[in-house]
Structure formats: C-alpha cells, structure tokens
Amino acid sequence: MAASGNVPRMRLEQSHRTERFGAVRIHELQRVIELDSGDVAGDRGRGLVSQEDIRAVERDMVVVIPCMNETRRVIEGVLSGIPHDCLIVLVSNSGRQPVDRYEIEAHTVEQFCWSADRPAITVHQRDPGLAAAMKAAGMPELIDESGLIRTGKGEAMLIGMAVAALTGRRYVGYVDADNYVPGAVHEYCKVYAAGLHLADSPYPMVRISWHSKPKLRDGRLFFSRRGRSSEITNGFLNRLIAEYSGFGTEVIATGNAGEHALSLDLGLRLRLAGGFAVEPYEYVDLFERFGGILDTDSPEVMAHSVPVLQVETRNPHFHDNKGEEHVQGMRMQALNVLYHSPVCLPAVREAILEFMIDQGALSPGAEPPRERVYPPVGSLAFDLLYDTLEAEAGTFRQIGDGGIVRSRIPRHPVSPAPAG
C-alpha cells in the first residue's frame, strides 16, 4: 500500500493477532518501531508507511483540540506539534471572566497561524450562538437548563467532529490541550495518518497508547507504563469480550485514549457520550452497533468491518496532574456506560458493582448513574448548522494567514448517518 521509490517512511510493528467482536476487529497493541525508517525501497510487509502516504492522509485530516484553561505556552506547543497539512480546530471551554481566557487562546491560534501560514478554526463551547446552531441542526439534547451547550469533554469532541464534517475532509483526530511535549503531539498525528492509511476498511479507528507517563518520585522521574484510570477501564472492557468469547484477553489497551483518530465515515455514525465517558463509550458503541449482538442500522459497516488499531508511541506523555478526584471521576464514568450497555453481561455488571462499592463510589444496593449519550453527529442538518454558526456564533472564528476570515469553510455535502 505504500508508495514506490526511495522515500522516508515510518515503521510500525505488524499486528499479528486480533480479537473479533462481531464486525469489530480489535488489533493487539503494536509499537512504533522507527519514527523515520529511512529511504527503504519496498515495504516487504513490515509495517512501513511512506511520508508521501502519511501526508496524503494529513491533507484530509482535521485535528480537534478540546481545551479548558490551559496556559498559552502549552497551547503554543501543542499547535506546533500538529503537522502543517492538518486543519486545526480548537474547541474551548475556558473561563471568560474575570479574564477572557478564550480570547487569549484564539489570539494564540491566530498568531501561530500567521507565523506558520496555515488556517485554523476556533469556537467556544458555551457560545449561545453555537448552542442555537446545534439546536437548529437537530441536537437539542446538547443544551442544558441555561440554554447553552453542556460542559464536558465529550460535548467538546462532538462539536469538533461536527465542525470537521463541515470542512469536507475525511478524517478527524483528537489531541488533548494539556500535552507538554510538542514532539509527542507530532508523533500521535503521524501515527494517526499511518494507521488510517494501513486500514483495510472505510471505517477505521486508530487509538494511541502512550509509551509512558512520567511522574516525580523521590526526586527523580519514574516512567509509569499505565494510567490510574486506563488500567481499570481496559480490564473491564476486556472482561466483557472474554465473557462472550470464553477466553481471557488483554487485547484492549486504550479504553481511555484521549488521543485517537477515525474516519468521518465511521465517526458520523457513532453516538458519543458526554464528559469523560466519551472515549470508553466509543468501544461500547462499536460493540452495540456492530458487534452482532443487537440489530444494526448500518449494514454497510458490517459488510466492511471496523478495524481498531492500537499503537504504542515512543514519546513520553507529560501532562498536568489533575488529582485523584479527577481520575476517580474518569474511572466511574467509564464504568457507568459499560454497566448500562445492553451488551454488558450480568457477570460483568456484578463485577462493576463490587468495584464501585469497594472504591466507595457507590452505596450497597444503589445503581450506577447513567451518562448522557448523544445521537450520531451524522444526524445533524449541516446546512442549518453552518448558517447559524455564521450568523450567531461570535466565537466561531475561521483563521487564515493575516487574520480572521469569514466563510472559509467550503460547502461540501455530508451524507447523514442513521439517527438510531
């Protein structure tokens, strides 16, 4: 699949094993072998992807940055790590009083785009005009009691996917705004492009497993291999698969993958959960929609299958430590969506209840709360979304070289996904 000739390439470890859950093919974790494998001729079946093929995907990819009260310098670093040909979309939920942090962020993006000679889009999640646009386009579920879009990471990601669909590009990737290492951001995006190129289906997903998450212990760096939330989420997702197959497995290593990418052909068909349930719910929704357990409204996806590539990157993942309460919240939201899924078997539900009670997150006899789950982004009326954004959302900014330029997004028809 790689281009011919002596061109620089990235080398990924080949995936030799997959777990099947209906039409969902989960590839075992594969590593980045070489970030640049040199001018090697012929791929010889060794996971080589040329820079030419990587760039072809990048030119068709939107990278969404959900952002909330990050420092200007950290945001600058994240922007600098995103490959030039990717379109940047920053969705902010930062405070606007007493200091308007969104204005600082938008100005940072504008300055970066002027220096780098590239476009970007920014919007604030709590903009009343954005709420009006999403409501007019057919998703009132996003709106809270105050008439604004609900606060949450999943909601920001949904907004980012909707904007990505307006651009006519084929892929959307996500990068968290609190990453301190621009090289890690760059590697994630390159891996997205390589994995999406290698996928043998129109409906792929690429999920990042970071190499390590360094922490200071006793005055020196300790490079932890697993996150405090990911280990729990992965364990229960794997237990669900094992209950169906009858064989133990550890194939899922990316239950809480904030960094991931997918084709919009797949993304527009998926339901997204609110808050921090969004990433693990992607697995749950894949199992529900395409796992062969429940009826499907997308037979075309079932015919092709959904490959989920999981790639362990090389750069360490440095980000802000938001504390144990934040981690506990992520854990519980992930388990809430799994517990309430119609594909979750009784043995897994019982194990989730036991864990929550042991953690003090649930009283004996109580049931986990339900997380918000939204209809597929593909069910939106995109013409109404765009027109209302342009007319009413003051924070919706299409930034080009030289400043803010209105009407930069080309009009492309989007095929709506079934709303089931």
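Here are the numbers for the structure shown:
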{"item": "Amide H contacts of Thr395 (H built 1.01 Å from N, under 5 Å, at least 5 apart or other chain)", "result": "His124"}
{"item": "Accessible surface, the chain, averaged per residue in Å² (probe 1.4 Å)", "result": "40 Å²"}
{"item": "Calculated FRET efficiency for the pair Asp117/Gln328, C-beta based, R₀ 56 Å, to 0.05", "result": "0.80"}
{"item": "Peptide ranges 345-353, 292-300 listed from the most packed, as the mean C-beta count within 10 angstrom indicates", "result": "345-353, 292-300"}
{"item": "Whole-percent carbon and sulfur share, accessible surface of the chain, 1.4 Å", "result": "50 percent"}
{"item": "Antiparallel content of DSSP bridges confined to the chain, in %, to 5", "result": "55 percent"}
{"item": "Neighbourhood net charge (11 Å Cβ-Cβ; Lys/Arg +1, Asp/Glu -1) for Glu19", "result": "+1"}
{"item": "Cα-only Debye scattering, the range 131-170: base-10 log of I(q)/I(0) at q = 0.25, 0.26, 0.29, 0.34 Å⁻¹", "result": "-0.86, -0.90, -1.03, -1.18"}
{"item": "Among Ser115, Ser94, His84 the positive-end extreme of the charge dipole of the range 62-115 (Cβ point charges)", "result": "Ser94"}
{"item": "Environment charge of Cys344, counting only residues whose C-beta is closer than 12 Å and scoring Lys/Arg +1, Asp/Glu -1", "result": "-1"}
{"item": "Amide proton proximity set for Leu272, modelled H, under 5 Å, gap of 5+", "result": "Tyr374"}
{"item": "Charge context of Ser379, other residues only, Cβ under 10 angstrom, K/R +1, D/E -1", "result": "+2"}
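The values are calculated or read from the model by the stated rules, or taken from the named source; none is laboratory data. All figures in this text were calculated on a predicted structure; none of them were measured in a lab. Ideal geometry is used to build each Cβ from the backbone, glycine not excepted, and the neighbour counts take in all protein chains shown. Calculation scope for accessible area: heavy atoms of the full protein, side chains included, ligands and nucleic acids excluded. Shrake-Rupley method; radii C 1.70, N 1.55, O 1.52, S 1.80 Å.
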